[in-house]
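Asks: Quick one: structure below, then a few questions.
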Amino acid sequence: MPIKSLIRTIPHHPHQGIMFRDITTLLKDSLGLRTTIQEIARRHATHAIDKVVGIESRGFIIGAPVAYELKTGFVPIRKQNKLPAQTIGRDYQLEYGFDRIEIHVDAIQPGDRVLLIDDLIATGGTAEASVRLIQDMGGEVYECCFVIDLPDIGGRKRLERMGCKVFSLCEFEGK
């Protein structure tokens with residue numbers, strides 16, 4: 001099944017000129033959702049992953065069932081002040097300003113092999129900050145995995161320049 005065919009494109013959302021790639025249409029399709037989870041889990045089944053880390057919020061939707069399939073734990077990376085226990089965080093740049101993501105201080109142990117998951121890679125700012133958080137904790141990012149890559153925006157190359165392996169299930173050209 002071509003996963004890409006189940007992803008809706010919404011022109012000019014949230015701003016003029018942006019083509020928003022909406023995975024809710026993929027998620028509501030039972031075969032599409034199962035295929036997405038199974039393809040990612042199958043790719044990583046033999047790689048001794050210690051933790052799956054999902055980036056808020058759509059990374060949770062994909063990451064938790066992948067962790068279940070891989071028989072490992074799931075760790076959320078959230079926006080600032082959303083996690084209840086002690087956290088460490090990283091700031092990252094947005095188009096206009098900065099934002100911050102955080103992870104619990106006890107979520108990743110030194111030497112943990114981590115699969116980082118999100119729905120989409122665009123500029124790579126959030127993913128880069130997430131990789132750095134995992135590394136700050138002594139974890140090794142085995143791979144950064146996305147449902148969608150927007151290669152024209154450059155996030156994949158940004159992560160690869162950091163030495164990260166990057167995988168996506170499909171690509172969309174343009175912005």
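Asks: Which ³J(HN,Hα) values in Hz, rounded to whole numbers, follow from the phi angles of region 34-44 under the Karplus curve 6.51 cos²θ - 1.76 cosθ + 1.60, where θ = phi - 60° and Gly and Pro get x?
Replies: Per residue, the Karplus-derived 3J(HN,Hα) values read 4, 4, 4, 5, 5, 5, 5, 5, 4, 4, 10 Hz.
Asks: Of the trypsin sites (Lys or Arg not before Pro) in region 74-109, which ones lie in a loop per DSSP and count no more than 15 other C-beta atoms within 10 Å?
Replies: Lys82
Asks: I need the Kirkwood Rh of region 17-116: take the reciprocal of the average 1/r across all distinct C-alpha pairs and report it in angstrom.
Replies: Taking every pair of different Cα atoms in region 17-116, averaging 1/r and inverting gives 15.0 Å.
Asks: Putting +1 on Lys and Arg Cβ atoms and -1 on Asp and Glu Cβ atoms, find which of Gly124, Ala64, Ile148 reaches farthest to the positive end of the dipole of region 47-171.
Replies: Farthest along the dipole direction, towards plus: Ala64.
Asks: If you project the alpha carbons of region 66-110 onto the principal axes, what extent comes out on each, in Å, largest first?
Replies: On the principal axes, region 66-110 reaches 39, 22, 20 Å in Cα extent.
Asks: Which residue, Leu120, Leu33, Leu94, has the most motion in a Gaussian network model of the chain that connects Cα atoms within less than 10 Å?
Replies: Leu94
Asks: Additional query: With only Lys, Arg, Asp and Glu charged, each at its Cβ (+1 for the first two, -1 for the last two), find how big the charge dipole of the chain is about the Cα centre; round to the nearest 20 debye.
Replies: That gives a dipole near 220 debye.
Asks: Enumerate the calculated ³J(HN,Hα) couplings along region 111-126 in order (Karplus 6.51 cos²θ - 1.76 cosθ + 1.60, θ = phi - 60°), each rounded to whole Hz, writing x wherever the residue is Gly or Pro.
Replies: My calculation for region 111-126 gives x, 4, 8, 10, 9, 9, 10, 8, 6, 8, 10, 10, 6, x, x, 5 Hz in order.
Asks: Within region 1-118, what percent of beta bridges assigned by DSSP are antiparallel, to the nearest 5?
Replies: 60 percent
Asks: Within a Cβ distance under 14 Å of Asp112, other residues only, what is the Lys/Arg minus Asp/Glu net charge?
Replies: Local net charge: -3.
Asks: Picking from Ser168, Leu133, Val105, whose Cα lies most toward the positive end of the charge dipole for the chain (charges on Cβ: Lys, Arg +1; Asp, Glu -1)?
Replies: Looking along the dipole axis, the top candidate is Ser168.
Asks: Would you calculate, for the chain, the mean residue ellipticity at 222 nm contributed by helices, counting each DSSP H stretch of 4 or more residues as -39,500 (n - 2.57) and dividing by all residues, to the nearest 500?
Replies: Taking each H run of at least 4 residues, the total per residue is -8500 deg cm²/dmol.
Asks: Turning to a different aspect of this structure: With a 10 Å radius around each residue's Cβ, average the other Cβ atoms per peptide and rank 7-14, 44-51, highest first.
Replies: Sorting 7-14, 44-51 by mean packing, highest first, produces 44-51, 7-14.
Asks: Here is a follow-up. I'm a student and want to see the number: the projected area of the Cα convex hull of region 67-156, averaged over all directions, in nm².
Replies: It is 6.2 nm².
Rule-based calculations on the coordinates, nothing more; no lab input. Quick caveat, the model's predicted, so the values are computed rather than measured. Cβ atoms come from the backbone with ideal geometry, glycine included; neighbour counts cover every protein chain shown.
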